[in-house]
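To keep things clear, I will list the structure first and then write my remarks on it.
Please treat every number below as a calculation from the coordinates, not as lab data. Since the structure is predicted, the reported quantities are computational estimates derived from the model, not experimental observations. Please note: Cβ atoms are built from the backbone with ideal geometry, for glycine as well, and neighbour counts cover all protein chains shown.
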Amino acid sequence: MSIVILMPIFEPQSQHFHAQVQSLARQQYTDFVCIVSHDGPTSESRLDEFVRALPDKRFELRVTDRRLGTYGHVEQLIASDAQRRLFFALCDQDDIWLPQRLSNGLEQMADAAVSAVSVNGQIVDDNLTSIKNRTTFGWFGHSIDNQSYRFLLNQMTGASMLCRAERFCRCTPFPRNLGTAVHDHWVYLAASATGRVVLDSRVSWLYRQHDRNQIGASASRGFASRLSSGAAKAVSILRNRTAPEGDSVLTQALEFYNVAKSRWPDSMNGTEALPFALSAGNRIRLMLPRALVDSRLESLRLAVAPATLGVGHVDAT
């Protein structure tokens, strides 16, 4: 088996979980094993339900000894299973993979310089109906052009990833979670530090939106709701500019930066846009409307952050 699919789950809705594992079983590329890992103990009846839902022997069910949270759970799975195969993919418990999901990613892996591929997804509602024909790339603003903001602006959704396993030996242990760390952001940073990241615009999976999404795209919300949310975020960023504890998202980005610099020092030269490296002119450019829209307000964090923030502030571990 050349690919391991890592599928962390936590009390999934039965119909969603069953539909997802069935979609994995129908992949055009069949040489894979799927590790389904429940985050923490659960009832025997639920475990029996999970086992009955698994389509064939390529699927293995595990249960962690204690609740790890998504960040720690994915860290454990990558550390224990990713290096045993040529490639690993991350998979959510409630989406749908189209039959070409793995084969599309493997096409891009023909280039040995590629460390990871992110495939585009269609955003759908609970009944798998497209939400205004929106895709994950379009909704989240994923673009190779945003590489300079990589420590603040993630360019790979976890459920979209296929990664070349040998490049990720230094990916674990993950950096400290200071409160806002997301696993797919760190995996993206590891991939961009060890090779090339490819964004494949072909839709290869369905990103299901429902009321139990841990981190949702909110693509079904109206314009007024999204405008209100964006304004509230901008106010929060400006307020955090003078808060004693600082901006928690920026502090997490600096933690990621320091750990990445200690593990892959050659990849950090001239690529990071962090507050202590920004000139006054760059700060002004980050305040322009287009920059604010393209970077989903993360450029505002950089523009207003103290120039001294991060210098000796976060130690690599």
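Give me the Kirkwood hydrodynamic radius of region 105-193 in Å, from all C-alpha pairs, to one decimal place?
Averaging 1/r across every pair of different Cα atoms and inverting gives 14.3 Å.
In Å³ and rounded to a whole number, note down the convex hull volume per residue for the Cα atoms of region 3-208.
Output value, Cα hull per residue: 118 Å³.
How much length, in nm to one decimal, is gained on full extension between Q83 and D266, taken as 0.36 nm per residue of separation minus their Cα-Cα distance?
That works out to 63.6 nm of additional length.
Straight-line reach from K132: which lysines fall under 25 Å, measuring Cα to Cα and dropping same-chain residues less than 8 apart?
K233
Checking the a/c ratio against 1.5 first, then a/b against b/c, what shape does the Cα gyration tensor give for region 69-113?
Since a/c reaches 1.5 but b/c is at least a/b, the shape of region 69-113 is classed as oblate.
Give me Y207, Y71 sorted ascending by neighbouring Cβ count inside 10 Å, so fewest comes first.
In increasing order of surrounding Cβ atoms, one gets Y71, Y207.
For labels at L61 and A277 in the simple 7 Å Cα→Cβ model, what's the distance in nm?
4.7
Rounded, prolate or oblate, given the Cα gyration tensor of region 54-170, with a/c below 1.5 counting as rounded?
Rounded, because the longest to shortest axis ratio a/c is under 1.5.
Does region 92-149 classify as rounded, prolate or oblate by the C-alpha gyration tensor (a ≥ b ≥ c root eigenvalues; a/c under 1.5 gives rounded; else a/b over b/c gives prolate, otherwise oblate)?
oblate
What order do you get for 48-59, 278-289, 192-203, 159-170 when each peptide is scored by the mean count of other beta carbon atoms within 10 Å, highest first?
My ranking of the peptides, most packed first, is 159-170, 192-203, 48-59, 278-289.
Karplus couplings for region 58-73 from phi (6.51 cos²θ - 1.76 cosθ + 1.60, θ = phi - 60°), rounded to Hz, Gly and Pro as x?
For region 58-73, the Karplus-derived couplings read 6, 9, 10, 9, 10, 9, 6, 5, 8, 6, 9, x, 4, 4, x, 5 Hz, x marking Gly and Pro.
Using alpha carbon centroids, what distance separates region 24-66 and region 82-118, in Å?
When both Cα centres are located, 19 Å separates them.
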